[in-house]
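Some notes on the structure that comes next.
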Amino acid sequence: MATPNISSDLFQNQPSRSIDQEDICITCEDFSLSYGTKQALFDINLKIPTNRATAFIGPSGCGKSTLLRCMNRMNDLIDGINISGQMKLHGQDINTRDVNVTELRQQVGMVFQKPNPFPKTIFENVAYGLRLQGITNRTEIEDRVEWSLVNSALWGEVGDRLQDNAFSLSGGQQQRLVIARAIAVRPQVLLLDEPASALDPISTLKIEELIAELKSQYTVVIVTHNMQQAARVSDYTAFLYLGKLIEFGPTNVLFTAPGERQTEDYITGRYG
Amino acid sequence: MTDNKKIGFFQSGTPWVWLNAGAVSISMIMVIGLLVLIAVRGLGHFWPKAIWQIEYAENGGITKLIGERAKTESVSARQLREAGVKHNFEEEFVERTLLKIGNRDVYGFDFRLTLSPLENSASLPQDLIVLERTEWGNFYGELVAIEENGVSVQTSMEDLWDELSPRVKRVDELRDRISKIEKSEIGAINFKMEKLRLQTRAMELAGRDEADEKAGMATKKAALDEDYEALKSRLDVLYAEIRRDAVTLHVMTGEEVSINLSKVVKATRPNAMSTLTKVGHYFGNLIDFVSDDPREANTEGGIFPAIFGTVMMVLLMSIIVTPFGVIAAIYLREYAKQGFVTRLVRISVNNLAGVPSIVYGVFGLGFFVYVLGGNIDQLFYPEALPSPTFGSGGLMWASLTLALLTVPVVIVATEEGLARIPRSVREGSLALGATKAETLWRIVIPMASPAMMTGLILAVARAAGEVAPLMLVGAVKLAPSLPLDMNAPFLHLERKFMHLGFHIYDVGFQSPNVEAARPLVYATALILVAVIILLNLTAIYIRNHLREKYRTLEQ
C-alpha cells in the first residue's frame with residue numbers, strides 16, 4: 001500500500017506490537033456524546049495503552065478534541081452535553097457520581113492548543129498545581145518545580161530567571177512551561193490537544209522530542225492535525241471521521257497498511 | 001466629472017476625520033475652559049489685592065473711599081439714567097466698579113458701587129492696611145495707634161507697622177493654644193462627661209441602683225470637673241493675654257475705630273508689598289484656605305473640614321461598595337445560570353445607575369436613617385434618647401447611600417472584566433485539578449482586578465461629586481467636630497460631616513454675604529475637582545500597576 005507523504009523510516013524506533021499485549025489505561029466502551037440534539041461522538045470503542053503515546057487524527061470537526069476532553073471531564077463545563085456509554089480509567093468509570101472531578105484531573109492532566117500560562121511568575125505557574133494540593137513546604141515545592149522544568153526540557157532556558165513573568169517566554173517555551181505545570185502534579189495521563197499547532201517548526205520539534213521523553217513515564221494522548229507528527233511521536237493512532245472511530249492500531253501499521261479505505265484516503269491526503 | 005470628485009471626497013473618509021476631530025476638539029475646549037475658569041476665578045482670590053483710596057464726587061461734595069476693586073464692568077450711560085442715577089456724563093459708556101470697602105461693623109455693608117467719571121482721583125497709599133478679622137469680615141484703614149493694656153505704645157508713626165506685626169503673630173500663637181485647649185482637651189473632657197451621663201442614664205433605665213457604682217461615677221465626674229476647672233483657669237489667663245493689645249485705625253469716613261487684636265487674624269499692607277512678598281502671601285493664603293476651619297458662616301477662613309469629610313466619605317464608600325459590587329458581579333457572571341432571570345437582574349442593575357441621585361437620598365433617609373438608625377438607637381443607645389445617635393444623618397448613612405448609588409457601576413465594570421478573562425486560562429487551572437472556587441480566587445479575580453479598579457474609579461468620580469442625596473443623609477453646613485479624632489473609638493460614623501459639594505452650594509447660595517463669598521465658591525470648586533482628580537489618580541495608579549502585573553495573551 002502506498003503512503004506517499006510518510007516515509008517508513010519514521011517508524012524505526014517503534015516496536016510492532018499488538019494492543020492486546022499492552023497494559024490498558026483508558027477504555028472507551030460504546031461512548032457517545034451529543035451537544036443538545038447534535039451528536040458529536042458515535043459509539044467509540046477504544047483502548048489506550050499505558051505509558052505509550054496515542055495519537056488521534058482526523059479532519060477538523062471529527063470529534064477528536066471532544067473525545068480527548070471527555071477523558072478528564074473538561075466537557076462538564078459546557079451546558080447541554082449528554083453522554084452515554086462508559087469512559088474508564090484503570091477499569092473505573094470516570095463519569096459516575098462518586099468520582100471526584102478535581103482528583104480525576106490531577107491524575108489526567110491536559111495541555112491545550114494555545115499556550116495558556118497564568119499571569120504569574122514562571123515558578124508560580126509550575127507551583128500552582130502543587131499549592132492546590134495543599135503542599136506548603138517550600139523546599140518540596142522548589143524541588144518539584146525544578147524536576148518538572150528539567151523533565152519538560154525548560155530548565156536550561158529558564159532556570160536562572162524563575163521569578164520572571166511567564167509571558168516573557170516565547171510561545172514554544174510557554175507551551176513547555178504549560179507541560180511542566182501539568183506534570184508537576186504527577187499525573188498518570190497527559191492529554192495534549194494539538195500542542196504544537198500554534199508553534200514554529202523548531203518549537204514543534206522540541207515539543208515532539210519532549211513527548212518522546214514523556215511517554216516513558218506517562219500515558220500520552222495527543223490530538224494532532226499533522227499526520228507526520230502523529231507518525232513521529234505516537235505508538236498507536238486512532239483515526240476519527242465524523243464522530244466515528246474508523247480505525248485504531250499501532251501507528252506503523254495504520255500508516256503503512258491502513259485497513260480502511262477512509263483511513264487510506266485521509267493519510268494520503270485525498271481529503272481532510 | 002464633478003460628481004465623481006464629490007463622491008470621491010466623501011468616500012475618502014476625510015469629512016469623517018474632520019467631524020471626529022472637531023468633536024474631540026470641542027470636548028477638549030469645554031473641559032479646559034471649565035477648569036481654566038474655575039482656576040482663574042478661584043485662585044485669583046488669594047492674591048493680595050491693591051487697596052485704592054478714591055476721592056469720589058457724591059452728594060455735591062467729595063467723599064473719601066477706601067477699598068478693593070472687586071469687579072469692574074462697562075455700563076451704558078442711558079441704562080444708568082433709566083436706573084434712576086442722576087448724571088450728566090458725556091461718555092456713552094462708563095466704568096462701574098464694585099468696591100469692597102469692608103468694615104461691615106462700621107458702615108453696615110461691605111460693598112458699594114462707584115462710577116468712573118465721578119472718581120476725582122485714585123491712589124494707592126502705602127500705609128493702608130487690611131485686617132482680616134475673626135468676625136465682620138475685612139477691615140481697611142490707616143494705622144493710628146497701638147495700645148497695650150489700654151496704654152498707647154509710644155513710637156513714631158513710621159515704626160507703628162513694625163510694632164504691629166509681632167503683636168499679630170503673638171495673638172496668632174495664643175489663639176492656637178486656646179483652640180487646642182478648647183478643642184482637644186476640653187473636647188475630650190466633654191466627651192467623657194457625656195459618656196458618664198449616658199452611663200448614669202443607662203443605669204437608671206436598667207433600674208439598677210447600686211451605691212458603689214454611683215459613688216464611682218460621682219468620683220469620676222468630680223475628677224473630670226476638677227480637670228475642667230484647671231483648664232478653664234488656664235484658658236482665662238490665655239484670654240486675658242490675647243486681649244492685651246488693641247489697634248486704632250483711621251477709616252475712610254474720618255472716624256477712628258479701635259479694634260482688639262484678639263479679633264485680628266492677619267494684618268497686611270498690600271500696597272507696600274513687593275511682588276515677591278505678594279507671592280509669599282498668596283501661597284500662605286492658599287495653605288490657610290485648605291488647612292483652616294471656616295469662619296463667619298463659611299464665607300471666610302478655610303475649608304479643611306469639608307475636604308476631610310469628602311475624602312473620608314469617599315473612602316468609606318469605596319470600602320463598602322467594592323466588596324458588594326464585586327461579589328454580586330461574580331455571582332451574576334460565574335455562578336448564576338444565564339437565563340431570563342439573570343438578564344432581568346442585569347437590566348435592573350444597569351437601570352439602577354440611571355435613577356436620579358436625590359431618589360437615593362430619599363431612600364437613604366427613609367430606610368437607613370429612620371428605619372435602621374432608629375432601630376439601632378432603640379437597641380444600642382436607648383440612654384441617649386430622645387436625641388438620636390444613628391437615627392439622624394451621619395457619615396455612615398451617607399457612605400452607605402452613595403455606595404448604593406454607585407454599586408451598579410462597580411457591578412457592570414467587574415462583570416465586563418470577568419467576561420474578558422480568556423476561557424483557556426480558566427481551563428488551564430481546572431485541568432490542574434483546581435475547583436471552580438479555587439480558579440476564581442487564584443486566577444480569575446486577580447486577572448479581573450484592573451476592571452474592578454476601573455469600576456471603583458468611576459464610582460469614586462460619581463460619589464465625590466454627588467451633593468443632592470448628601471443633604472438628606474448627613475452633610476451639614478458646619479460640623480462641630482471631625483468624624484475622626486483622638487477620642488475612642490476614634491472613628492465616629494454617626495457624626496455629621498461637611499462636604500465640598502454641599503459647601504459650594506451653601507457658600508454660593510445660602511450665605512449672608514454672597515458678593516464676598518463668590519470667589520470662595522470657585523476656589524472650593526477647584527479644590528473639589530482637585531480632590532477628585534487626586535483620588536482618581538491614586539486609583540488609576542493602582543490599576544495600572546495591577547494591569548502590568550496581570551498582563552495576558554491578548555494585551
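Listed by position, the strands (runs of 3 or more DSSP E) enclosed by segment B:66-125 that each have at least 2 residues that are in contact with a Lys or Arg (Cβ under 9 Å, 6 or more places away or on another chain) and open to solvent by less than 50 Å² (accessible area, probe 1.4 Å) are B:93-100, B:111-115. When restricted to residues that are facing another protein chain (nearest Cβ under 8 Å) and open to solvent by 30 Å² or more (accessible area, probe 1.4 Å), segment A:132-142 contains 1. Name the one entry in A:Ala196, A:Ala180, A:Ala166 that is at pLDDT below 85 and crowded, with 22+ Cβ neighbours inside 10 Å. Criteria check complete, one pass: A:Ala196.
On the basis of being within 23 Å of the chain's Cα centre (by Cα) and at pLDDT below 90, does A:Lys120 make the cut? So A:Lys120 fails the test. Taking segment A:18-78 and the strands (runs of 3 or more DSSP E) fully enclosed by it, the elements with 2 or more residues that are out of contact with any helix residue (DSSP H, G or I) (no Cβ under 7 Å at 6 or more places or on another chain) and either modelled with pLDDT of 90 or more or open to solvent by less than 10 Å² (accessible area, probe 1.4 Å) (or both) are at A:24-35, A:38-49. Of the residues making up segment B:530-541, just one is open to solvent by 40 Å² or more (accessible area, probe 1.4 Å) and farther than 19 Å from B:Pro450 by Cα, namely B:Ala530.
Within segment B:397-436, work out how many residues are more than 14 Å from every other protein chain (Cβ to nearest Cβ), open to solvent by 30 Å² or more (accessible area, probe 1.4 Å) and under 29 Å from A:Met110 (Cα atoms). Residues flagged as more than 14 Å from every other protein chain (Cβ to nearest Cβ), open to solvent by 30 Å² or more (accessible area, probe 1.4 Å) and under 29 Å from A:Met110 (Cα atoms) within segment B:397-436 amount to 2.
A:Asn82: more than 14 Å from chain B (Cβ to nearest Cβ), part of a strand (DSSP E or B) and at pLDDT below 90, yes or no? Against the criterion (more than 14 Å from chain B (Cβ to nearest Cβ), part of a strand (DSSP E or B) and at pLDDT below 90), A:Asn82 qualifies.
A count restricted to segment A:92-120 and to residues that are more than 7 Å from chain B (Cβ to nearest Cβ) and open to solvent by less than 40 Å² (accessible area, probe 1.4 Å) stands at 9.
Per the conditions (1) in a helix (DSSP H, G or I); (2) surrounded by 12 or more Cβ atoms within 10 Å (Cβ to Cβ), the sole criterion not satisfied by B:Thr219 is (2). Inclusion of A:Lys88 among residues that are more than 14 Å from chain B (Cβ to nearest Cβ), at pLDDT below 90 and surrounded by 21 or more Cβ atoms within 10 Å (Cβ to Cβ) is not warranted. Out of everything in segment A:226-272 that is assigned to a helix (DSSP H, G or I) and without any contact (Cβ under 8 Å) to a residue 12 or more places away in the chain, what residue ends up being least open to solvent (accessible area, probe 1.4 Å)? Looking at the filtered set, the residue picked out is A:Asp265. Looking at segment A:89-135, which of its residues are in contact (Cβ under 8 Å) with a residue 60 or more places away in the chain and out of contact with any strand residue (DSSP E or B) (no Cβ under 7 Å at 6 or more places or on another chain)? A:Gly91, A:Gln106, A:Lys114, A:Pro115, A:Asn116, A:Pro117, listed by residue number. Among the candidates A:Leu205, A:Leu210, A:Leu199, which residue alone is more than 16 Å from B:Ala431 (Cα to Cα) and either of a type in the set (Lys, Arg) or free of Cβ contacts under 8 Å to residues at least 24 places away in the same chain (or both)? Of the residues listed, the single one that is more than 16 Å from B:Ala431 (Cα to Cα) and either of a type in the set (Lys, Arg) or free of Cβ contacts under 8 Å to residues at least 24 places away in the same chain (or both) is A:Leu205.
Surrounded by fewer than 19 Cβ atoms within 10 Å (Cβ to Cβ) and among the acidic types (Asp, Glu): does that describe B:Glu466? No: the conditions fail for B:Glu466.
Residues of segment A:176-194 that are closer than 19 Å to A:Trp155 by Cβ and either more than 9 Å from every other protein chain (Cβ to nearest Cβ) or in contact with an Asp or Glu (Cβ under 8 Å, 6 or more places away or on another chain) (or both): A:Arg176, A:Leu177, A:Ile179, A:Ala180, A:Ile183, A:Arg186, A:Leu190. Answer with yes or no whether A:Phe123 is within 14 Å of chain B (Cβ to nearest Cβ) and open to solvent by less than 20 Å² (accessible area, probe 1.4 Å). No: the conditions fail for A:Phe123.
Of all residues in segment B:479-520, which are under 11 Å from the mean Cα position of the chain (by Cα) and either more than 25 Å from B:Arg112 (Cα to Cα) or open to solvent by 70 Å² or more (accessible area, probe 1.4 Å) (or both)? Listed by number, the residues that qualify are B:Phe497, B:Met498, B:His499, B:Leu500, B:Gly501, B:Phe502, B:His503, B:Tyr505. Condition test on B:Ala145, is it closer than 16 Å to B:Asn271 by Cα and either hydrophobic (A, V, I, L, M, F, W, C) or outside any loop (DSSP other than H, G, I, E, B) (or both)? Spelling it out, it is not the case that B:Ala145 is closer than 16 Å to B:Asn271 by Cα and either hydrophobic (A, V, I, L, M, F, W, C) or outside any loop (DSSP other than H, G, I, E, B) (or both).
Close contacts from segment A:147-158, counting a first residue that is aliphatic (A, V, I, L, M) and a second that is in a loop (DSSP other than H, G, I, E, B), with Cβ to Cβ under 8 Å and a gap of 6+ residues or different chains, come to A:Leu149/A:Gly159; A:Val158/A:Asp164; A:Val158/A:Leu169.
Does B:Tyr360 fit the bill of being open to solvent by less than 40 Å² (accessible area, probe 1.4 Å), over 22 Å from B:Glu438 (Cβ atoms), assigned to a helix (DSSP H, G or I) and not β-branched (Val, Ile, Thr)? Yes.
Does B:Ile38 satisfy the condition of being closer than 29 Å to B:Val514 by Cβ, open to solvent by less than 30 Å² (accessible area, probe 1.4 Å) and either charged (D, E, K, R) or in the same structural domain as B:Asp127 (by TED's automatic domain parsing) (or both)? In short, no.
The values are calculated or read from the model by the stated rules, or taken from the named source; none is laboratory data. Keep in mind the model is a prediction, meaning the values are calculated, not measured. So basically every Cβ, Gly included, is an ideal-geometry build from the backbone, and we count neighbours across all protein chains shown. Remember, those area values only see protein heavy atoms, side chains included, never the ligands or the DNA or RNA. Shrake-Rupley method; radii C 1.70, N 1.55, O 1.52, S 1.80 Å.
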